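Read the figures in this text as sums done on the coordinates, not as results from a lab. All values reported here derive from a predicted model rather than from experimental measurement. Reconstructed Cβ throughout: ideal geometry from the backbone, glycine too, with neighbour counts over all protein chains shown.
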Amino acid sequence: MVGQDKIELAKKKAAEKAVEDNLQKNMIVGIGSGSTVVYAVQKIAQMNRKNDLQLKCIPTSFQAYQLIVENDLTLVSLDQYPEIDLDFDGADEIDANLNLIKGGGGCLVQEKIIASNSTKVIIIADYRKNSKLLGEKWKKGVPIEVIPMAYVPVMRKMEKIGGHPVLRMAKAKAGPLVTDNGNFIVDVDFGRIKTPSELEGKLLAIPGVVDTGLFIGMTSKAYIGQQDGNILIKP
Ligand code: 5RP
């Protein structure tokens, strides 16, 4: 099997197993963003069709909204259901303590809101994302959502706390990427992150920062598809 096929199979297996193990009837389900979540939504939709599970789904992004609608799942909002039973989401990196880097796909603020209001957060990923320390495998930096008018002073402040910030540019459009919330993303390389919660505190203290892609202490379980077809479940 070639490399990309192996990665896709690992994502699919992890997502399907995570859904099989955790999904129950009548749940309010958070739907994360990214390519791995697509496999989870397909599995959720299949189980929902087969067993009439009466699920209600809340999106974390425009992509998730479309996935819910296209798969004939019931779309609801956080206003209606502020307590979510189960959230499925992907990650760019997962450390030994199940802290995460997220936001590689440009979505992180709504993802963090949904995760923080979920009883269980289930992370699904392939073997490339598993590491001991954040920043060990994910080399593109910590994605940070920033209010557009503040991006220059915010980037300077990030440099002062030891980061190397880069404003993320859009693809197929001139200029910066604009998030679902109308903000910019700055990717900040901090090398290996030994104390993620300390870093998170420093970043959130900068005016203009909306939120960061560091998800600390939020993950209940991570399902990580391996190269040999097995699934590593952490913890
Ligand atoms: C989007 C995210 C994604 O969950 C993360 O980038 C993982 O994506 P993928 O499943 O495509 O590897 O945080 O901003």
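Structure summary
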item: Computed Kirkwood radius, in angstrom, where 1/r is averaged over Cα pairs of the chain; result: 18.0
item: Listed peptides 95-104, 133-142 by packing density, highest first (mean Cβ within 10 Å); result: 95-104, 133-142
item: Relative contact order, percent, the chain [alpha-carbon distance under 8 Å, six or more residues apart]; result: 23
item: Principal-axis tilt of helix 35-51 within the chain, Cα atoms, nearest 10 degrees; result: 20
item: Dipole of the stretch 142-213 [Lys/Arg +1, Asp/Glu -1 at C-beta], most positive-end residue of Ser197, Ile144, Leu167; result: Leu167
item: Helix-derived mean residue ellipticity, 222 nm - over the chain, DSSP H n ≥ 4, -39500 (n - 2.57), to 500; result: -9500 deg cm²/dmol
item: Charge dipole magnitude, Cβ of K and R +1, D and E -1 - the chain, Cα centre, debye nearest 20; result: 560
item: Added length on full extension, which subtracts the Cα-Cα distance from 0.36 nm per residue, Lys140 to Ile113; result: 7.4 nm
item: Whole-angstrom gap from the stretch 117-140 to the stretch 62-78, using each part's C-alpha centre; result: 24
item: At most 12 other Cβ within 10 Å, DSSP loop - trypsin sites (Lys or Arg not before Pro), the stretch 149-235; result: Lys171, Lys173, Arg192, Lys194
item: GluC sites (Glu not before Pro) lying in DSSP loop within the stretch 44-126, provided at most 15 other Cβ fall within 10 Å; result: Glu83
item: Alpha-carbon centroids, the stretch 1-60 and the stretch 141-208: separation in whole Å; result: 30
